[in-house]
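The values are calculated or read from the model by the stated rules, or taken from the named source; none is laboratory data. Every value quoted in this text rests on a predicted model; they were computed, and no experiment measured them. In this analysis, Cβ positions are derived from the backbone assuming ideal geometry, glycine residues included, and neighbour counts consider all displayed protein chains.
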Amino acid sequence: MAAGSMKGKVIAVMPAYNAEKTLERTVADIPPGTVDEIILVDDCSKDQTVALAKKLGLKVVQHPENRGYGGNQKTCYRMALDAGADFIVMIHPDYQYDARLVPYLTGLLKDNICDVVLGNRIRTRREALDGGMPAYKYIFNRFLTAVENLSMGQNLGEWHSGLRAYTRKVLETIPWERNSDDFVFDCEFLVQAASFRFRLGDIPAPARYFTEASSINFRRSVRYGLESLKSVFRYYLHRIHVWRCPLYEPR
């Protein structure tokens, strides 16, 4: 860590749904001493995710009903803030993202270089496809990322990574509670972060697609893509004062 780096409590949050087969591997990959606490929020899993998480010593929160991916993240972030987190890392417990990257993500936050850091799975086309990313997802990702970068004045390698780290200030400023409870929550969050002028950055992360890793199907991918474009469009309507959108109003 560079001289003058910020210190603070690091909490990893895991939005979980049927992650029994991959949770232990994910937790084991987090480098020792890089997080102070791990909070797993279970979205009404049908397997033994909760029992395993408790066995591993994680702090566990159970939803009484399925609230969706975005709804799960909302609980994750509320719990992290309530627990006094200064830096928050979201790690999917399905082993799709490499948890060994945690200190690199938080390092950019602690060194005050970025406010939001993502894991970029598309360093090269070949690497992403060799990692199992379906061709149609790769094409959707490239198209959407290009549009979002151009629209929001950013230069991220990809906008649709689920490996993310934030400073506390980001979560205290962005009105993420107003976002969708579905998968488009992630895109809405980044549009909000850019609109509030937070510094966004990314680091390379390997793509991992395999049977146990969660992934939405083609139909839901199309819906997600359209909702992502809608998020950017709503921001521009808000920005030019045509339509007031609460997602881009201060908390």
Does R123 qualify as being over 15 Å from the mean Cα position of the chain (by Cα), farther than 29 Å from I240 by Cβ and among the basic types (K, R)?
-> yes
Selection from segment 204-246 of residues that are over 18 Å from the mean Cα position of the chain (by Cα), without any contact (Cβ under 8 Å) to a residue 40 or more places away in the chain, closer than 29 Å to A19 by Cα and part of a loop (DSSP other than H, G, I, E, B) | T211, N217
Please determine, by comparing only the residues of segment 98-132 that are among the acidic types (D, E) and part of a helix (DSSP H, G or I), which one is nearest to V191 (Cα to Cα).
-> E127
The listed residue being in a helix (DSSP H, G or I) and of a type in the set (S, T, Y), out of Y77, Y95 | Y77
For segment 171-203, how many residues are of a type in the set (A, V, I, L, M), under 17 Å from V89 (Cα atoms) and assigned to a loop (DSSP other than H, G, I, E, B)?
-> 1
Return the only residue of V41, V89 being in a strand (DSSP E or B), touching a Cys at 6+ places or on another chain (Cβ under 6 Å) and either at pLDDT 95 or above or within 18 Å of D182 (Cβ to Cβ) (or both).
-> V41
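Just to check your reading of the model, which residue among I113, I139 is farther than 23 Å from V60 by Cα, free of Cβ contacts under 8 Å to residues at least 40 places away in the same chain and over 18 Å from the mean Cα position of the chain (by Cα)?
Step by step, each of I113, I139 is checked, and only I139 is farther than 23 Å from V60 by Cα, free of Cβ contacts under 8 Å to residues at least 40 places away in the same chain and over 18 Å from the mean Cα position of the chain (by Cα).
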Are there any pairs, at least 6 apart or on different chains, whose C-beta atoms fall under 8 Å, with the first in segment 61-78 and of a type outside the set (D, E, K, R) and the second part of a loop (DSSP other than H, G, I, E, B) and at pLDDT below 95, and if so, which?
-> none
So which of S195, S161, S180, S151 is among the polar types (S, T, N, Q) and in contact with a Phe, Trp or Tyr (Cβ under 6 Å, 6 or more places away or on another chain)?
-> S195
On the phi < 0 side of the Ramachandran plot, part of a loop (DSSP other than H, G, I, E, B) and β-branched (V, I, T), is that true of I139?
-> no
So T173 clears everything in (1) closer than 30 Å to G8 by Cα; (2) hydroxyl-bearing (S, T, Y); (3) in contact with a helix residue (DSSP H, G or I) (Cβ under 6 Å, 6 or more places away or on another chain) except one condition, right? Which one?
-> (3)
Hey, L156 hits all of (1) under 25 Å from N18 (Cβ atoms); (2) surrounded by 19 or more Cβ atoms within 10 Å (Cβ to Cβ); (3) among the hydrophobic types (A, V, I, L, M, F, W, C) but one; which does it fall short on?
-> (1)
Which of the residues spanning segment 109-131 are touching a strand residue (DSSP E or B) at 6+ places or on another chain (Cβ under 7 Å) and within 28 Å of F210 (Cβ to Cβ)?
-> V116, V117, L118, G119, N120, R123
Looking at segment 176-198, which of the residues that are within 22 Å of K9 (Cα to Cα) and touching a strand residue (DSSP E or B) at 6+ places or on another chain (Cβ under 7 Å) is surrounded by the most Cβ atoms within 10 Å (Cβ to Cβ)?
-> A193
